[in-house]
Structures are given as structure tokens and as C-alpha cells.
Amino acid sequence: MKSENGFYGQYGGSYIPEILYSSQQQILTTFEEAKNDPSFVAELHKQWQQYSGRPTPLTHCENLTQHLGGAQVYLKREDLNHSGAHKMNNVIGQGLLVKRMGKKRVIAETGAGQHGIATALVASRLGLECTIYMGAKDVARQYPNVFWMRQLGATVIPVKTGSQTLRDALDEALRDWSSSYEDSHYLIGTACGCAPFPEMVTYFQSVIGQEVQRQSLAQFDQLPNRLYACVGGGSNALGLFTPFLEDKEVEMVGVEAAGRGMDMGDHSIRLSHNLGQAGIAQGFASVFLQDDQGQLQETHSIAAGLDYVGVSPIVAHLAETQRVRMTYANDEEVLAACSLLLQKEGIIPALESSHALAVAFKEAADMRPDQHIVINLSGRGDKDIFNVAKAFDDKEFAPFLEEYLQNYHEQDAVQDLSESLSQETHA
């Protein structure tokens, strides 16, 4: 979606320190040149296909469709990308821009860890130094991703200030970029931040919707009646929605995180029911959860990737102009939808994507069998095993972990003793 001087209606823009202006202009110029360069576009599609595994399939959920008794349910399988989420689309694109600019280091922020691990993977592949900021709370609940980031050679810095979540990680990444812009690129993971990041991330993610257009015409001979996507920052939603913006017969539904309830600090609803307020933060104008003094507020979601305090300026504009209908799902509904997909289709969804599933399943039941819906399954649920096991109250999971840790430490002790005895024998 093309901006007007970096703005989408009243949202967007560039509210950054003067010191970052030259770096921002370099990114803007490089991006504009690259997307009009056939060799860059060809390399981008080559890397998407050969490294990430695109195109991802559009899967018809026959069992779910029969169970719900309404519209035909399809999933866009972004969970099958390398690294398990849609994040790879954008990271590959920005990684190629980094090489084009001749920079040697990337900085990233991450919530659920999927952007972090995708960044670490591509940085390793392209020979780039990599630093990733992640809220300390998110580190704890998404540690498997943190483990792999570190194995890939990335430096992962837990952020212990503020709410210790994505908002605070983004603040720290911006501080890093302000002091290292000459040789570092801030590889933003969602369609937020100063221009041209919202447009650039949307451009790279739009491959999702472009594939859905072709696949839906091939598989059921028409465009979908309705599209669903979860909305944290907004990258997976914009990736699905953008190619359909001119297709007025296609309805688009964005799903925010209602968390534990409607009290401030218990949810991450910015756009639904106008709970957020227009403001400027973290380099751009959008809708944020803030108080009357403009102070950003605490958020919550069972899904680490959805508890961001703001939202993409593009999503805010599309919601304001009513091109996208915004709604929400709470933690309980999300877990129920996750369980239903597991049991009916044998597919393990990320908790972020399960927000879109929850609303889509509810609304599909009231649609006709000749109608078709597509849900963006933006990530898979391997990373959520600790949260899901706790939420489902799995009685064997905690004892398993305790036994594993006990054996782990006992094995270390045996190894230490063995090495000590070996040294004494040689002495």
C-alpha cells in the first residue's frame, strides 16, 4: 500500500531524532530502487522459494467445515515457512537490502520470538552480526526461540525495564540504532515505525495475499468472501489483506487480543471499540493504548506477539476508513480454537494465529456452504508449548520438566566427576 509522503490518512510519518535522518533516507532510497530493480525482485523470489519454501499451501479444512456447518474454511499456511511463521518473508527482503546498502550488522526487536529467530537465521546465512532485543517476560515464555537465536550466533538482550515486553524491546532497539546507524540496520519485524518501514514490511509480506488470490481462483474458482488475520503490529494481516484492497466484495477482519478482560492492562485492544487513542510514539503516528497524559499503558495477551501497545499506521487507517473490520478474541476463546484445530485437522497453530481462528470459526457457522473464508495461519505452535501446557493444565508436563532437569544436572555432575578422575589418573 503506497503512502502519501509516509502517511496513511492521519497516521504514519517519521518522528525520529535528527541523527537518524540520513540513515532513514538511505533506507527509503534503497528500498525504492530495489523494488524497481528486476534483479533484486528475482533474487527475492528465489530466496523465498529456495530458502523459505514458498509458495505456502492454501489448505481446505474439510473436517472443520463439516463440524462448523457453514462456510468452507481454508488456512493460508504461513506456519510452513522456514522458521515456522510469516516473519521470514520480510526478513529475507530486508536482509537483501542490508547487503545492498553494504551494512554489516542488524538490530531487531521481537515478542513471540518468531521475528527474532527469522532475523538470526538470515543474519547467519548472509554473514551479518545480529543483536536482538526481547522483553524479559517474553524471553521466559518463548525460551525455545531464544535458545536457537543464540545457537545461530545472535546476541539476545533481555529488556528488564517497563512492562518487559515487545514495547520495551522496541524502545531499546531504537536506542541501539541511534548510536550505531552508520554500520547497522534496524530490521523492524512489523509494519510499524517511521517511514518507509510500514510500507516496506507490507510490500515484502504482500506475497501472502498474492498467492491466496491465485490459489483461491485455482482451488474454488472465485476470490474468498472473507479474510481473517490476527493483529498485533499488523504485518501478517497486511500481508494477506493488501492485494485484496480493491476487491470490494472481499471482506477483511482483523482480530486483536482481548486477553483477560477489558480493564487496562488486561488486554491489547487498540482499534476495536475505540479503546486506543491517536498519538505519536516510537517514531510514528498511530493508535496506542495510552492514558489522558499520553503515557503508554501496560498490555496483556496469552500470545507474546500480540501484546504490543500500538498498531501499524496502515491498519489504523484501514480500520478508520472501515475497509477492515476490527474485532477481538479473549484468551479462553483462543485456547478453545487452538484445541479445535488440533483435534479436527491435525495442525498445531501459534497462539497469535489462534485469535483469528477463534473469530473465524464463530462467524463461519453463520455463513453459507457456498461461501469461502481464508484464515492466515501466520505461525505454528511449537514455540507455545509451555504456555499451552500450562493453560490446558497438563498434569504430566511439569513433573516431566522437573525430572528432566534433575537428570540433566545429575548427568553434568557425573561428567564433572569423570573428568576429575581422569585428570587425577593422568597426574
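Of a type outside the set (Ser, Thr, Tyr) and within 17 Å of THR190 (Cβ to Cβ): is that true of VAL98 in this structure?
Details: of a type outside the set (Ser, Thr, Tyr): yes; within 17 Å of THR190 (Cβ to Cβ): no.
No.
So in the stretch 185-214, with the set limited to residues that are more than 19 Å from VAL98 (Cβ to Cβ) and of a type in the set (Gly, Ala, Ser), which one is nearest to the chain's Cα centre (by Cα)?
For the stretch 185-214, the residue satisfying everything is SER206.
Just one of LEU166, LEU170, LEU245, LEU223 is in contact (Cβ under 8 Å) with a residue 40 or more places away in the chain, among the aliphatic types (A, V, I, L, M) and over 17 Å from GLY113 (Cα atoms); which is it? Write out each step before concluding.
Working: LEU166 fails: over 17 Å from GLY113 (Cα atoms); LEU170 fails: over 17 Å from GLY113 (Cα atoms); LEU223 fails: in contact (Cβ under 8 Å) with a residue 40 or more places away in the chain.
After applying the criteria, what remains is LEU245.
What's the total number of residues in the stretch 1-45 that are within 15 Å of GLY283 (Cβ to Cβ), under 24 Å from the mean Cα position of the chain (by Cα) and part of a helix (DSSP H, G or I)?
3
Inspect all residues belonging to the stretch 81-89 and state whether any of them is within 17 Å of the chain's Cα centre (by Cα) and either over 30 Å from ARG141 (Cα atoms) or surrounded by fewer than 21 Cβ atoms within 10 Å (Cβ to Cβ) (or both).
yes
Can you say whether SER163 is surrounded by fewer than 24 Cβ atoms within 10 Å (Cβ to Cβ) and at pLDDT below 95, as far as the supplied structure shows?
Numbers: surrounded by fewer than 24 Cβ atoms within 10 Å (Cβ to Cβ): yes; at pLDDT below 95: yes.
Here the answer is yes, as SER163 does meet what is asked.
Could you check PHE392 against (1) touching a residue at least 40 places away in the same chain (Cβ under 8 Å); (2) in the same structural domain as ASN274 (by TED's automatic domain parsing); (3) loosely packed, with under 14 Cβ neighbours inside 10 Å and say which number it fails?
For PHE392, the exception is condition (2).
Name the residue, out of ALA123, ALA173, ALA169, that is hydrophobic (A, V, I, L, M, F, W, C), modelled with pLDDT under 95 and over 16 Å from the mean Cα position of the chain (by Cα). Please lay out each step first, then the result.
Working: ALA123 fails: modelled with pLDDT under 95; ALA169 fails: over 16 Å from the mean Cα position of the chain (by Cα).
Criteria check complete, one pass: ALA173.
Hey, VAL106 hits all of (1) surrounded by 24 or more Cβ atoms within 10 Å (Cβ to Cβ); (2) within 27 Å of PHE386 (Cα to Cα) but one; which does it fall short on?
If we test VAL106 against (1) surrounded by 24 or more Cβ atoms within 10 Å (Cβ to Cβ); (2) within 27 Å of PHE386 (Cα to Cα), just (2) comes out false.
Can you give me the number of residues within the stretch 175-200 that are under 30 Å from ALA229 (Cα atoms) and of a type in the set (S, T, N, Q)?
1
The values are calculated or read from the model by the stated rules, or taken from the named source; none is laboratory data. Computed from a prediction, not measured in an experiment: that's the story for all the values here. Glycine gets a Cβ as well: all are built from the backbone with ideal geometry, and neighbour counts include every protein chain shown.
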